[in-house]
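These notes are about the structure you will find just below.
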Amino acid sequence: MDYKSSDGYAGPRSEDILPASATAAVKVVIVGGFGVGKTTLVGSVSEIRPLTTEETMTQAGVGVDDLAGIEHKTETTVAMDFGRISINEQLVLYLFGTPGQERFWFLWNGLFEGALGAVVLLDTRRMEVSYDVIGRLEERGVPFVVGVNAFPGAPRYPMSELRTAMDLDESVPMIDCDARDRASCRDTLMALMRYLYTLTTVSTESQ
Amino acid sequence: MSGPGPDPTAQPPGNPDRLYILTGGQTRPEAKTELDLVTLIVTRSESDPGLQPEHTAVVRMCDFPLSVAEISAYLELPVSTLTPLLTELLSKGEVEARPPVPTAALPDVQLLEAVMNGLQKL
Ligand SMILES: Nc1nc2c(ncn2[C@@H]2O[C@H](COP(=O)(O)OP(=O)(O)OP(=O)(O)O)[C@@H](O)[C@H]2O)c(=O)[nH]1
Ligand SMILES: [Mg+2]
């Protein structure tokens, strides 16, 4: 790690410093199956070299122990990559790329709370992961768009077929997303913002 | 960490400028300080020489605003380990917290417009 400055204190590199005028932040969470490109997406649009934050998760024991009536807890450290985009002098957007182990996503307190929304990166080779997470996002009322990541050799399906397979509402935007391409990632984030915009204006009108 | 205080999600939707004024730079020590991953921490004063090394590191690092997530990354500390440390610094008045823009159920239209304008520049 090269975060330590010359006097031995950790901290951001001078080019990674936010202006003093930064007043408030918002966040977006990137979810999706193992190796689908979450970290790559964060890196493609982040103004800072992506950083890693971690959290200690406590999980109750697994089924076998429950049957035996023994309660035990396991502690696991889960790491998450994140990046940053300064929207203007006051407002900062943080992007969090969830780790591969999906069972931890919803245990991370405060990850989805207050988030503007989520991007689900859909791995057409492992759709069941996304199917699960979409259900959990819907349950929690976290708005999301789906970025379909086209890996070479991955099965290709028409969007409409993917929509049906994922049981996705007609209103949820689906967009092709190459996580390595900054413009493609920007468009995916933009699709999320536009979607939020329509949700907001629709709910205002119906009041 | 908890206690009586205004519910941050209960703020009326307003234009972003108003939100910034509402959230900007105000520290109410008695109000509950819920630290989000993206709460911005800023140092308020010269660092107190009596602080423990990790506290000093935070105070020095936050000369300019930094999110809780960034501090956790630079110090290589889990968020749940960092939170009590930040809470202590907040209660001592060493740092101030700038809470995230409250999004309540759905974000404000002007906030979204600001984000879209910012993304357009990428
Ligand atoms: N073809 C193609 N390759 C990609 C794309 N996104 C990522 N990759 C590659 O896929 C590999 C995994 O990408 P990561 O960004 O690490 O994926 P991740 O979702 O963060 O992975 P985990 O955190 O391990 O779950 C890397 O070698 C990337 O270069 C994409 O959109 N298209
Ligand atoms: Mg990753």
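The values are calculated or read from the model by the stated rules, or taken from the named source; none is laboratory data. Since this is a predicted model, take the numbers as computed values, not measurements. In this analysis, Cβ positions are derived from the backbone assuming ideal geometry, glycine residues included, and neighbour counts consider all displayed protein chains. The area values use the complete protein model at the heavy-atom level, side chains included, leaving out ligands, DNA and RNA. Shrake-Rupley method; radii C 1.70, N 1.55, O 1.52, S 1.80 Å.
Observations, loosely collected:
- Summing +1 for each Lys or Arg and -1 for each Asp or Glu among the other residues whose beta-carbon sits under 10 angstrom from that of A:Asp16 gives 0.
- Expressed in units of 2.2 N^0.38 Å, where N is the residue count, the Cα radius of gyration of chain A is 1.13.
- Amide H contacts of A:Leu122: A:Gly147, A:Val148, A:Asn149, each under 5 Å away and 5 or more positions distant or on a separate chain (H built 1.01 Å from N in the peptide plane; Pro and chain starts excluded).
- Average beta carbon contacts from partner chains per residue of A:111-124, 10 Å cutoff: 3
- On the basis of the beta-carbon distance and an R0 of 45 Å, A:Thr56 and A:Ser160 show a calculated FRET efficiency of 0.60.
- Net charge, A:Asp169 excluded, C-beta distance under 13 Å - Lys, Arg +1, Asp, Glu -1: -2
- Ordering of B:79-86, A:152-159 by packing is B:79-86, A:152-159, highest average first (other Cβ atoms within 10 Å, averaged per residue).
- Chain A against chain B buries an accessible area of about 4400 Å², both chains summed, 1.4 Å probe radius.
- Pair-distance distribution of the stretch A:112-201: all C-alpha pairs, bin width 5 Å, starting at 0; shares per bin in whole percent are 3, 14, 26, 26, 21, 9, 2, 0, 0.
- Under the Karplus curve 6.51 cos²θ - 1.76 cosθ + 1.60, θ = phi - 60°, whole-Hz ³J(HN,Hα) for the stretch A:185-199, x wherever Gly or Pro sits: 5, 4, 4, 5, 5, 4, 4, 5, 5, 5, 5, 4, 4, 5, 4
- Charge tally around B:Ala69: other residues with Cβ under 11 Å, Lys/Arg +1 each, Asp/Glu -1 each, net -3.
- Share of carbon and sulfur in the accessible heavy-atom surface of the stretch A:23-206 [1.4 Å probe, %]: 50
- Label positions at B:Asp63 and A:Phe151, each projected 7 Å from the Cα along the C-beta direction, are separated by 4.4 nm.
- Separation in nanometres of the label points that stand 7 Å from Cα toward Cβ, at A:Leu107 and A:Glu170: 4.0
- Each Lys and Arg contributes +1 and each Asp and Glu -1, all at the Cβ; summed about the Cα centre of the stretch A:70-136, the dipole is approximately 100 debye.
- Label-to-label distance, nm, for residues given as A:Arg140 and B:Thr56 (7 Å Cα→Cβ offset): 3.9
- Annotation: amide H-H contacts under 5 Å for B:Val95 (H modelled 1.01 Å from N, sequence separation of 5 or more, or interchain): B:Arg44, B:Leu90.
- Electrostatic dipole magnitude of chain A [Cβ: Lys, Arg +1; Asp, Glu -1; Cα centre; debye, to 20]: 460
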